[in-house]
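Here the structure comes first, spelled out in structure tokens, and everything after it is commentary.
All of the numbers you see were taken from the coordinates with simple rules; none came from a lab. Given the structure is predicted, the values throughout are model-derived calculations rather than measurements. Note: ideal-geometry Cβ built from the backbone for every residue, glycine included; neighbour counts use all protein chains shown.
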Amino acid sequence: MKGKKYTTVSIPMPLCEKVKEHIKDTGFTSVSDYVTYILRELMSNSETNNSGDFTKEEEEKIKLRLRSLGYLD
Amino acid sequence: MQAHGGRIIERFARNSQDLEELAYLELDSEVLKEVENIAYGIFSPLEGFMGKEELEAVLNEMRLPNDLPWTIPIVLPETRELDVKEGDTVALKFGGKTVATMNIEEKYSFPKKEVAKKIFKTEDASHPGVRGLMDGGEQFLGGKINLVSTPKTEFGKYALSPKETRVLFKEKKWKQVVGFQTRNVPHIGHEYVQKAALTFMDGIFINPVIGKKKPGDFRDDVILDAYDALIKNYYLKDRAVMSILKTRMRYAGPREAVFHAIVRKNFGCTHFIVGRDHAGVGNYYGPYEAQEIFEEFPDLGITPLFFRKFFYCNKCEGIVNEKTCPHPSEFHRNFSGTKMRAALSEGKKPEGMMREEVFKVINSYENPFVV
Ligand SMILES: [Zn+2]
């Protein structure tokens with residue numbers, strides 16, 4: 001079975017040591033696990049709120065349907 | 001609120017090519033639901049049925065190959081042998097009518113026992129999800145789909161697409177929306193969970209799962225009618241919305257809880273209620289395993305709200321939970337699903353557990369259960 005693709009990221013040794021200390025007795029088993037977790041969290045927080053899911057015309061059409069079904073007055 | 005993966009997927013056939021000449025697969029009603037879920041973006045970012053690499057990533061990492069969280073395989077078993085190769089287009093039919101086309105990217109096999117062990121944490125064939133998997137074919141087809149037409153389905157007025165729910169929430173000026181998954185008729189304990197969450201939100205999106213369930217579960221029409229009665233009598237019109245999610249229950253516990261949350265994110269929810277033994281069956285999962293799994297997904301993009309069960313306390317004279325009531329269990333009366341079913345199957349109101357209006361609706365059915 002194919003494994004996941006990984007790459008190496010460099011961080012300062014003293015920081016790495018601090019992280020090692022920090023994650024002792026948490027669920028994290030390695031600095032890599034922890035860094036992956038933190039980066040995933042950061043990346044998802046940087047997602048922008050988009051309202052570009054539909055055009056104005058599309059929105060009006062949807063509102064008509066929602067009214068006809070009784071979801072909107 | 002972004003859809004999972006950044007945008008709502010839509011997969012609709014633009015021009016109707018000549019579909020009659022195509023090799024085809026006849027779908028059952030459950031796979032048809034998945035085709036619709038992909039096409040309307042309920043399963044965003046999926047654009048089709050998973051290939052082998054996607055399936056492996058989901059099994060091993062609980063993520064798609066692009067690192068997005070995804071916990072449940074969405075695969076198409078090849079129910080009869082097709083003479084197709086990579087790049088071919090096939091028709092997907094339901095009741096003899098072409099409902100979608102699929103561009104075959106891959107035909108592959110996968111050890112189903114391994115799938116079962118990873119997804120359901122058991123190979124036990126008495127687990128309803130394992131049984132469903134084992135009953136299907138050995139070969140799978142991966143590739144993008146395009147919806148050609150959808151057959152009229154029951155409960156059509158309750159079937160909203162993610163674009164529709166998003167417009168609806170926007171019109172209602174809801175910013176914080178909590179999703180509630182259910183496969184049951186509502187008892188008072190459910191209502192308290194919903195209302196406890198709603199207290200901190202702008203609105204609640206009640207989203208029953210409609211699709212294949214196991215014998216003894218409540219029928220789909222009964223669940224919808226019961227919720228209609230509850231919402232009409234006990235919720236503010238501008239605070240609660242119900243529409244359906246057409247998909248089968250997998251009973252995959254923790255993995256399914258995450259999947260349920262992702263789907264509600266696509267509908268536009270910001271929060272999602274996860275209760276005790278969410279999507280569980282029998283004793284295959286720990287009571288709070290479906291809550292703990294969320295720790296592995298800091299990037300889910302929807303916030304889970306964890307609830308323990310609510311019960312009535314004679315001393316508090318009200319409905320409480322273990323965080324709010326200090327009294328010992330002899331004061332407590334639980335909302336027991338088993339007791340509720342027993343009373344309902346005898347045509348009796350489960351005393352103190354169910355709203356009168358809800359009971360009346362359920363009791364108007366000769367048999368409210370799946371046989
Ligand atoms: Zn109490």
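Is the shape of the stretch B:171-269 best called rounded, prolate or oblate, per the rule: a/c under 1.5 gives rounded, else a/b larger than b/c gives prolate, else oblate, with a ≥ b ≥ c the square roots of the Cα gyration tensor eigenvalues? The shape class here is oblate. State whether the stretch B:66-165 is rounded, prolate or oblate according to the following rule on the C-alpha gyration tensor (a ≥ b ≥ c being the square roots of its eigenvalues): a/c under 1.5 gives rounded; otherwise a/b larger than b/c gives prolate, and the remaining case gives oblate. It is oblate, given that a/c is not under 1.5 and a/b is not larger than b/c.
Explain nothing, just the number: dipole magnitude of chain B about its Cα centre with +1 on each Lys and Arg Cβ and -1 on each Asp and Glu Cβ, in debye rounded to the nearest 20.
That gives a dipole near 1420 debye.
Charged neighbours of B:Asp225, selected by a Cβ distance under 11 Å, balance to -1 (K, R count +1; D, E count -1). From the Cα gyration tensor of the stretch B:156-363, with a ≥ b ≥ c the square roots of its eigenvalues, which class applies: rounded if a/c is under 1.5, or else prolate if a/b is larger than b/c, or else oblate? Rounded, since a/c falls under 1.5. Look at where the Cα atoms of the stretch B:263-319 and of the stretch B:328-362 average out, and the two centres are 22 Å apart. The protection proxy used here, the mean number of other Cβ atoms lying within 10 Å of each residue, ranks peptides B:81-88, B:40-47, B:209-216 as follows, highest first: B:40-47, B:209-216, B:81-88. With 26 Å as the limit on Cα-Cα distance, the pairs of B:Lys121/B:Lys323; A:Lys61/B:Lys172; B:Lys52/B:Lys113; B:Lys152/B:Lys175; A:Lys5/B:Lys117; B:Lys107/B:Lys163 that go past it are B:Lys121/B:Lys323; B:Lys152/B:Lys175; B:Lys107/B:Lys163.
Protection proxy ranking for B:281-293, B:49-61, using the average of other Cβ atoms within 10 Å per residue and placing the highest first: B:49-61, B:281-293. Look at the dipole of the stretch B:14-118 built from charges on Cβ: of B:Leu22, B:Val35, B:Met62, the Cα furthest out on the positive end belongs to B:Met62. Pick out the long, greasy-scoring helices in chain B: whole DSSP H runs spanning 20 Å or more along their own axis by Cα, mean Kyte-Doolittle at least -1.0. Correct list, ordered by number: B:220-234, B:253-267. Dividing the summed -39500 (n - 2.57) terms of all DSSP H runs of n ≥ 4 by the residue count of chain B sets its mean residue ellipticity at 222 nm at -8500 deg cm²/dmol. Note on A:59-65: average number of Cβ atoms from other chains within 10 Å of each residue's Cβ is 4. Averaged over the residues of A:31-42, the number of partner chain Cβ atoms lying within 10 Å of the residue Cβ comes to 2.
Just want the answer: with Cβ charges of +1 for Lys and Arg and -1 for Asp and Glu, which residue in A:Leu72, B:Gly318, B:Val358 is farthest toward the dipole's positive end in the protein assembly as shown? So the residue we want is B:Gly318. Per residue of peptide B:67-73, the mean number of Cβ atoms on other chains within 10 Å of the residue Cβ is 1. For the peptides B:351-361, B:253-263, the ranking by packing is B:253-263, B:351-361, with the highest mean count of neighbouring Cβ atoms within 10 Å listed first.
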